[in-house]
1. Identify, from the list K58, K118, the residue that is without any contact (Cβ under 8 Å) to a residue 40 or more places away in the chain and more than 27 Å from N225 (Cα to Cα).
2. It is to be established whether one or more residues within the stretch 174-194 are within 21 Å of V41 (Cα to Cα), touching a helix residue (DSSP H, G or I) at 6+ places or on another chain (Cβ under 9 Å) and among the basic types (K, R).
3. Given the residues K118, K98, which is the only one that is out of contact with any Ser or Thr (no Cβ under 8 Å at 6 or more places or on another chain) and modelled with pLDDT under 95?
4. I'm checking my understanding of the structure. Among residues of the stretch 202-234 that are part of a strand (DSSP E or B) and of a type in the set (F, W, Y), which one is surrounded by the most Cβ atoms within 10 Å (Cβ to Cβ)?
5. Which ranges mark the helices (runs of 4 or more DSSP H) fully within the stretch 85-201 that have 3 or more residues being among the aromatic types (F, W, Y), at positive phi and loosely packed, with under 14 Cβ neighbours inside 10 Å?
6. Looking for whichever is under 18 Å from the mean Cα position of the chain (by Cα), acidic (D, E) and over 30 Å from P222 (Cα atoms) here; the options are D90, D124. Which one fits?
7. Quick one: G168 ticks every box in (1) at pLDDT 95 or above; (2) out of contact with any Ser or Thr (no Cβ under 9 Å at 6 or more places or on another chain) except a single one, so which number is it?
8. I'd like the full set of residues that are among the charged types (D, E, K, R) and more than 19 Å from F29 (Cβ to Cβ), limited to the stretch 191-222.
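The values are calculated or read from the model by the stated rules, or taken from the named source; none is laboratory data. Everything numeric here is computed off the predicted structure, so don't read it as measured data. FYI the Cβ positions are ideal-geometry reconstructions off the backbone, even for glycines, and counts take in every protein chain you see.
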Amino acid sequence: MRFSIKGAIILSMSHGEQSFDKKYYRRFFDDYSKNEFNKYVNWSYGWLKFLDRYVNIKKGSGRSLHELGSSLGYFAKAFKDRGFEVSGSDISSYIVKKAGEVQKDIKFFKLNIESNLKINKKYDFIVAFEVLEHLNSPEKALLNVKKMLNKNGILIFSTPFPTKRSLGDPTHINVHQEKWWLSLGKKAGYSKTKLIHATFLPFVYRFSKYLSLGLPIKTNIPYINSTVFFIFKK
């Protein structure tokens, strides 16, 4: 399949391949500058503020958190600012290198969450925002995440519901209805599963983190960022 990103024709669609990743991340970053990065940190603050209503993540002191599919780690930065012991990972060695250049005080490493993992460290929280829809086997990912969580640990992830827009992205290879994800979580052995719809104001977060606002509603309006949060407890 062929698709265009900023005029570039991408023939491969495999995350983790450097030639693909360089072109893929052009959708989000122009120069990987601190100023560009900070705009995404503003965006992430709004998501965390929204989630504060549903899960205890306001204070991170003494608690560990890992971000899967971390890209440049703007969510990792927001959680670190809340006092969490934070690390991040991505299947892309290209973006892991960029993340380490932007944030030298957070550890980022390459990780394929769909592989047979040797678990060296466990976490109180694992987050994965807009990641699982890109995976070939989200079932395997959920099982691996559960192994990476401490007792009573919590996975927080977001993924889009089926719309013309979400299904039209060729990198979205696992977009499903909300009930499918809840069923998958129960099948993977999570003790509690919960979902929350969320819609965020577009673009204004670029000016201030205080303008990054979310509402607990579901919509399919063009250019509006609407997604589903899932909270799975080990």
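1. K118
2. No, the stretch 174-194 has no match at all.
3. Exactly one of K118, K98 is out of contact with any Ser or Thr (no Cβ under 8 Å at 6 or more places or on another chain) and modelled with pLDDT under 95, namely K118.
4. Let us first name the residues in the stretch 202-234 that are part of a strand (DSSP E or B), namely 214-215, 225-233.
Now narrow it down to the ones that are of a type in the set (F, W, Y): 229-230, 232.
Working: F229: 21, F230: 22, F232: 27.
Restricting to residues being part of a strand (DSSP E or B) and of a type in the set (F, W, Y), the top hit is F232.
5. Of the helices (runs of 4 or more DSSP H) lying wholly inside the stretch 85-201, none has at least 3 residues that are among the aromatic types (F, W, Y), at positive phi and loosely packed, with under 14 Cβ neighbours inside 10 Å.
6. Values: D90 fails: over 30 Å from P222 (Cα atoms).
Answer to the check: D124.
7. (1)
8. K192, K194, K218
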